[in-house]
Amino acid sequence: MNIPLDAPWIQTLRLVLEVAATVAFALSGVMAAARKRLDAVGVCVAAFVAAFGGGTLRDLLLDQRPFFWIRHTEFVWGILALCIGAMLFMRQRHFEPTERAMLLPDAIGLGLFAAVGVDIATAVGMPPIIGVMMGVITGVFGGVLRDVLCNEVPQAFSDHRPYALCAFAGGWADVALRHLQAPDWAPLVACVVLTAGLRGLAVWRNWELPAWRV
């Protein structure tokens, strides 16, 4: 019999994944803002929006209060410290972030946040399709807000290489393993690996979805 989803060690695993995802997306926000030559405030705002946007929308839709980053204020302090450290590093090393440099933290964050989104939705009793949608929203929406803030068409919509579709596939892998009563850690890990792996392969092999034309 599986351990309940609210078992302490499951909560710990969920928190670890959320921390890692938050850091990954915050880094992508810092890089995106640096590429657009935003000032220090702009860099911090882009990092916060990228890191917290998807999870905040998920919590709103699931009526979860307080939001995850308000429950854990160490997230806020950690992202602020990361922003300061990253800006100092890039200034001292004259590091110019490229679009390609953003792809790794973005893919990792997508996989981690997708897994957390499915897990949280499942824990509060949502049906599988809603769980998968919450995974996609959690994984994608922070990046959408980041790109809008940086005055770009969101990568999730303009990059013809699969993005949200990767999170969708990872979410269903999570749901399938839960249905098969796999070990409790397996659905989370499978969602992370499949989502991030598919996105990485799509970028590496330049797989593209057809563009919509009228």
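We did not get these values from a lab; they are worked out from the coordinates using the rules stated. Computed from a predicted model, the values in this text were never measured in an experiment. A quick note on method: Cβ atoms are made from the backbone with ideal geometry, for glycine too, and the neighbour counts reach across all protein chains shown.
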If R0 = 35 Å, then Arg205 and Thr73, at their Cβ-Cβ distance, give a FRET efficiency to the nearest 0.05 of 0.25
Suppose only helical runs count, i.e. DSSP H with n ≥ 4. What mean residue ellipticity at 222 nm does that imply for the chain under -39500 (n - 2.57) per run, divided by all residues and rounded to the nearest 500 deg cm²/dmol? -25500 deg cm²/dmol
What is the distance, in nm, between label points placed 7 Å from the Cα along the Cα-to-Cβ direction at Arg35 and at Ala176? 3.2
Computed from the mean reciprocal separation of all distinct C-alpha pairs, what Kirkwood hydrodynamic radius does the chain have, in Å? 17.3
Contact order relative to length of the chain, as percent, for alpha carbon pairs under 8 angstrom and 6 or more apart: 24
If packing is taken as the mean number of other Cβ atoms within 10 Å per residue, what is the order of 136-148, 176-188, 50-62, highest first? 136-148, 50-62, 176-188
Extension gain (nm, one decimal) between Gln64 and Met90, 0.36 nm per residue minus Cα-Cα: 5.7 nm
Quick one: what are the phi-derived ³J(HN,Hα) couplings along region 73-88, Karplus 6.51/-1.76/1.60 with θ = phi - 60°, whole Hz, x for glycine and proline? 5, 4, 4, 5, 5, x, 5, 4, 5, 4, 4, 4, x, 5, 5, 5
